[in-house]
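What follows draws every value from the coordinates through simple rules; no lab data is involved. Note that the structure is a prediction, hence the values are computed from the model and not measured. Positions of Cβ are backbone-derived with ideal geometry, glycine not excepted, and every protein chain shown enters the neighbour counts.
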Amino acid sequence: MCGIIGAVAERDVVPILLEGLKRLEYRGYDSVGVAIIDQALQGLRRERVAGKVRQLEQVLKQHSMYSPIGIAHTRWSTHGKPSEVNAHPHFAKDKVAVVHNGIIENHQILRQALQQKGHIFQSETDTEVIAHLIHDNWLEMGDLTAAIHHSLKMLQGSYSVAILSPLIPGTLFAARRGSPLVIGVGVGEHFIASDVAALVSVTQQVIFLEEGDIAHIQRDSFIIYDFRGQKVERELHLSHVQADAVERGHFRHYMQKEIFEQAHALRETLAGRVYNGRVLEGIFGASEARLFAEIYAVQIIACGTSYHAGLIASHWIETLAKLPCSVEVASEFRYRQPLANPNALVVAISQSGETADTLAALQEAKRLGFGPSLAICNVPESSLVRTADMCFMTRAGIEIGVASTKAFTTQLLALLLLTVVLGKHNGTISESDMEGDIVHSLEQLPHAVDMLLRKVQQPIKNLAERFADKYHALFLGRGIHYPVAKEGALKLKEISYIHAEAYPAGELKHGPLALVDANMPVIAVAPNDALQEKLKSNLEEVHARGGQLFIFANHRAIMQASDYITVVELGEIDELISPILYTIPLQLLAYHVALIKGTDVDQPRNLAKSVTVE
């Protein structure tokens, strides 16, 4: 979602802030700004634009800024429309500058109280309240540091904030509650950011602030206080994120790059986790054997694409591991007061590990008394990983495109490995034939992805042209491939802005069939499996009503191509791993349709990569 970058150094930090903003662009945003302490003026100065970082860069070329300390921000609108006046940083009386990620839930009450005291607000944002609150408390207390600490305690909601003031010109203040923030440690300089990726050009040494932490950061030192106001030491980590991980290379878009990185990501996810026909013990942590021994059910919580991964996994877990499995959207789970099952493994899935609803749902599950928890995540230092009892890292590498691709397929691989381990503990998967067959399929998966991408790239390009004038689409699937259809619909709507919905194919005659005509493309995920004849009957219903059918099939298509039926043959596909393989051509379809539609593939409108607010 929003992005924060800050720096204090001996050198000019404005180029560092701009570079950090560029590396945060993938998170999605609609306005951008930077603030510094201008040493010549001995006061605050800022530049903001409603637009992209490149536009801010042009403004700064015309109105040069220089300072050894500054903060910057990319905003994704929550309170107030995208505009320059609503863009961060926000000021109070030119004494306090604030950038903020998150939502301040009591901002209206605070705003009204501050207005009654004479404070004049310029924006519609909740963030400006923080700046005025700090300023107001400074007027009363006479101590800016104390005013900052007191003001942060008055805020309700989630936040990560960076604060700058000419009253203490060499100090950058940073704090977090519910939204991630990291300190970058340099030599004679320090940095803050909402994402490690923003810091890769200046340092790989990072410290992750914990819940409730407040940091006072200077050029050559920093102090961290916990939520009780006690000085604390936080562990120094060496980040393995590389600068080239956030470069596109020869690809036109990050999403395209990440689609083609999937075979490599899957190999990395498998590495060290399977050997000699077996899934190795302890891949879910040192306490795996002890905690899994008492598991009799699985509760999966996730959002968006990760939720679809969970839906697919429920089929594997119930079919192979023979354990009941429930899957729930995290934002619903956290509020519906579910009945706790102390023998249910809670699996929380998130690419970033900072998804606010998923993190809150996991915390709620722990509070209610569910069993042990497992985070399936792509970011080892994330809040989700630190909260869960166990973790499994997907090793997808940094994913920049808002529409998740390689993160999704590596999540599915992780969930299939989890199924095997649970099945072994439950006695439903033997260490001989069944496990060996599954591991063989998994080991073939990266090569199968490579071959599939080569096979379908041109047919998908050609197929995408037929969506140039389309505004709606239906996706169909049955059984384990219904969630695949849901993921395909999500990808198409996310980046091409075509309204797309997915249904179990058997539900066609219960409503959606009314929408079918020659202008409604119907995309079917149609493997040759136990449900093929049922699915064929459903597709015949579409064909009989003049609908355009686009069938993704393996080497034995269940229907033949004709004027109204287009078949994309994917080749021979192992049934166990078919949900992963059928996902990939649907990703490519969405990508190429978006190209034809001329949309912003990597940063689709109104969406953000990491949803760190409720």
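Below are the figures for this structure:
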quantity: Value of relative contact order over the chain, rounded to a whole percent, pairs C-alpha under 8 Å and six or more apart; calculated: 12 percent
quantity: Spacing of the two label points (7 Å from each Cα toward its C-beta) at residue 290 and residue 120, in nm; calculated: 6.3 nm
quantity: Qualifying lysines (Cα of each under 27 Å from Cα of residue 461; at least 8 residues distant if same chain); calculated: 257, 406, 470, 486, 491, 493, 536, 597, 609
quantity: Computed [θ] at 222 nm, deg cm²/dmol, the chain (DSSP H ≥ 4; -39,500 (n - 2.57); rounded to nearest 500); calculated: -11000 deg cm²/dmol
quantity: Label point 7 Å beyond Cα of residue 529 along Cβ direction - residues of region 383-425 with amide nitrogen under 18 Å; calculated: 409-420
quantity: Centroid-to-centroid separation of region 1-16 and region 90-153 [C-alpha atoms, Å]; calculated: 22 Å
quantity: Region 23-118: GluC sites (Glu not before Pro) in DSSP loop, at most 16 other beta carbons within 10 Å; calculated: 84, 105
quantity: Gain on full stretching of the segment that runs from residue 109 to residue 340 - 0.36 nm per residue minus C-alpha separation; calculated: 79.6 nm
quantity: Segment residue 240-residue 450, extension gain: residue separation times 0.36 nm, minus the distance between their alpha carbons; calculated: 73.0 nm
quantity: Debye intensity ratio I(q)/I(0), log10, the chain, q values 0.07, 0.10 Å⁻¹ (C-alpha model); calculated: -0.46, -0.90
quantity: Loop chymotrypsin sites (Phe, Trp or Tyr not before Pro), region 271-306 (other Cβ atoms within 10 Å of the site Cβ: 14 or fewer; DSSP); calculated: 296
quantity: Projected label distance in nm at residue 541 and residue 332, using a 7 Å step from Cα toward the beta-carbon; calculated: 2.2 nm
quantity: Nearest 10 degrees, 0 to 90: helix 406-426 Cα axis against the chain principal axis; calculated: 70 degrees
quantity: Which of 99, 385, 182 has the fewest Cβ neighbours within 10 Å, and the rest in rising order; calculated: 385, 182, 99
quantity: DSSP-loop chymotrypsin sites (Phe, Trp or Tyr not before Pro) across region 15-94, with at most 16 other Cβ within 10 angstrom; calculated: 66
quantity: Extent along principal axes [Cα atoms of region 1-74; Å; largest to smallest]; calculated: 34, 23, 16
quantity: Exposure proxy ranking, count of Cβ atoms within 10 Å, fewest first, for 391, 377, 325; calculated: 391, 325, 377
quantity: The chain: angle of helix 107-116 to the longest principal axis, Cα-based, in degrees nearest 10; calculated: 20 degrees
quantity: Residues 187, 200, sorted so that the one with the fewest Cβ neighbours within 10 Å comes first; calculated: 187, 200
quantity: Rounded to 10°, Cα long-axis angle of helix 532-544 versus longest principal axis of the chain; calculated: 80 degrees
quantity: Hits among lysines - C-alpha to C-alpha of residue 366 under 26 Å, sequence gap 8 or more where chains match; calculated: 153, 322, 424
quantity: Counted charge near residue 85, where neighbours are those whose Cβ lies closer than 15 Å (Asp, Glu -1; Lys, Arg +1); calculated: -2
quantity: Under 19 Å from the Cα of residue 61 - lysines, other chains or at least 8 residues apart; calculated: 22, 52
quantity: Gained length - residue 440 relative to residue 469, 0.36 nm times residue gap less alpha-carbon distance; calculated: 6.1 nm
